[in-house]
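Comments concern the structure below.
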Amino acid sequence: MKKIAGIICFLNFILSHSQVGINTTSPTATLDINGNIRIRQAKNLGSANSAKDSILVIDNSGFVNRVNSDMIVSQASSGIIGVTTDATLSGDGKTGNPLKIAQNGAVIGQTLTWSGSAWIPQSNGNSWSLSGNSGTNASTNFLGTTDNQPLIFKTNSTENVRISSVGYVGISTNSPLTSLQVNGGFSLNSTTVNLTADNQVITVGNFSNIKLNSNNATSANRTFTLSNGLVDGQMLMIYPVAGAAQLLDAGNVNIAGNFNFGVEDVLHLVWIGNKWLQVSRSNN
């Protein structure tokens with residue numbers, strides 16, 4: 001027993017006043033081990049918070065040091081350390097389960113895009129926003145496909161509009177065979193023009209359905225003429241909803257004689273580039 005106590009005292013004296021080397025004749029620390037260290041059993045702290053206190057790290061010279069978690073986070077934010085092996089970042093952003101990615105100069109509204117070597121901040125110019133985009137260039141930006149595939153529009157998970165790869169538009173059909181093919185009915189919204197004097201010029205503009213409201217309900221119909229159409233093939237439907245009117249067969253109108261309108265009378269016209277031609281008329 002005295003021998004054991006003596007050995008212990010001797011070791012305490014050496015450890016407190018000199019350096020011990022294992023597998024080395026020139027120790028440079030209180031305990032210098034040239035080889036592997038194995039710990040057969042260690043206490044399991046059983047708490048994730050225990051890793052937040054401090055950890056042991058080995059520097060380039062092999063010295064073991066103690067560092068706390070704040071030092072590691074500080075070095076990470078300065079770009080000194082990082083993940084160098086494949087890893088999956090997890091976290092749903094809730095309290096206690098955050099997911100953080102370095103800002104890398106990004107500002108509000110931008111996204112980080114992988115360039116092949118780094119995450120680069122990008123504006124929403126590379127995607128269409130649900131609230132609209134700004135700074136677009138009509139010569140380069142578009143909504144559509146770059147391969148030989150159609151562009152499909154759905155509502156309530158059902159296809160309602162399709163633009164084929166050759167540019168044909170189908171409404172309620174997925175196989176349009178003309179520039180515009182509609183599987184169902186369609187209607188033309190109208191504009192109302194008040195006729196208050198004779199020889200009044202009605203500006204057709206971008207309309208195809210014009211209702212006439214004449215303040216003259218006598219046999220002496222209000223006379224009117226039409227402005228030019230916008231494009232060859234523009235269709236125009238005219239009919240009174242009150243009073244009486246007369247379209248003059250003159251100038252840019254060729255309708256085989258003046259047409260006297262009464263309520264429920266309808267005239268269909270088409271613009272052929274220099275005049276309006278009669279398609280049909282209905283006198284009720």
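Scanning segment 173-191 for residues that are surrounded by 11 or more Cβ atoms within 10 Å (Cβ to Cβ), of a type outside the set (Gly, Ala, Ser) and more than 30 Å from residue 242 (Cβ to Cβ) turns up 173, 174, 176, 181, 182, 183.
Of all residues in segment 176-192, one or more are farther than 30 Å from residue 155 by Cβ and not charged (D, E, K, R). When every residue of segment 216-229 is checked against the conditions, at least one turns out to be farther than 19 Å from residue 266 by Cβ and modelled with pLDDT of 95 or more. Within 30 Å of residue 245 (Cα to Cα) and either in a loop (DSSP other than H, G, I, E, B) or of a type outside the set (A, V, I, L, M) (or both), is that true of residue 194? Considered against the rule, which asks whether it is within 30 Å of residue 245 (Cα to Cα) and either in a loop (DSSP other than H, G, I, E, B) or of a type outside the set (A, V, I, L, M) (or both), residue 194 comes out as yes. The residue list 187, 175, 165 contains one member that is part of a loop (DSSP other than H, G, I, E, B), at negative phi, polar (S, T, N, Q) and under 23 Å from the mean Cα position of the chain (by Cα), which is 165. Is there a residue in segment 111-133 that is among the hydroxyl-bearing types (Ser, Thr, Tyr), open to solvent by 80 Å² or more (accessible area, probe 1.4 Å), farther than 30 Å from residue 247 by Cα and modelled with pLDDT under 95? There is at least one residue in segment 111-133 that is among the hydroxyl-bearing types (Ser, Thr, Tyr), open to solvent by 80 Å² or more (accessible area, probe 1.4 Å), farther than 30 Å from residue 247 by Cα and modelled with pLDDT under 95. Of everything listed in (1) open to solvent by 50 Å² or more (accessible area, probe 1.4 Å); (2) not in a loop (DSSP other than H, G, I, E, B), the single unmet condition for residue 170 is (1). Exactly one residue among 221, 148, 183 is out of contact with any Lys or Arg (no Cβ under 7 Å at 6 or more places or on another chain) and within 30 Å of residue 275 (Cα to Cα), and that residue is 221.
The values are calculated or read from the model by the stated rules, or taken from the named source; none is laboratory data. From a predicted model like this one, the values you see are computed outputs, not experimental measurements. So basically every Cβ, Gly included, is an ideal-geometry build from the backbone, and we count neighbours across all protein chains shown. Quick note on the areas: whole protein, heavy atoms, side chains included, nothing else; ligands and nucleic acids left out. Shrake-Rupley method; radii C 1.70, N 1.55, O 1.52, S 1.80 Å.
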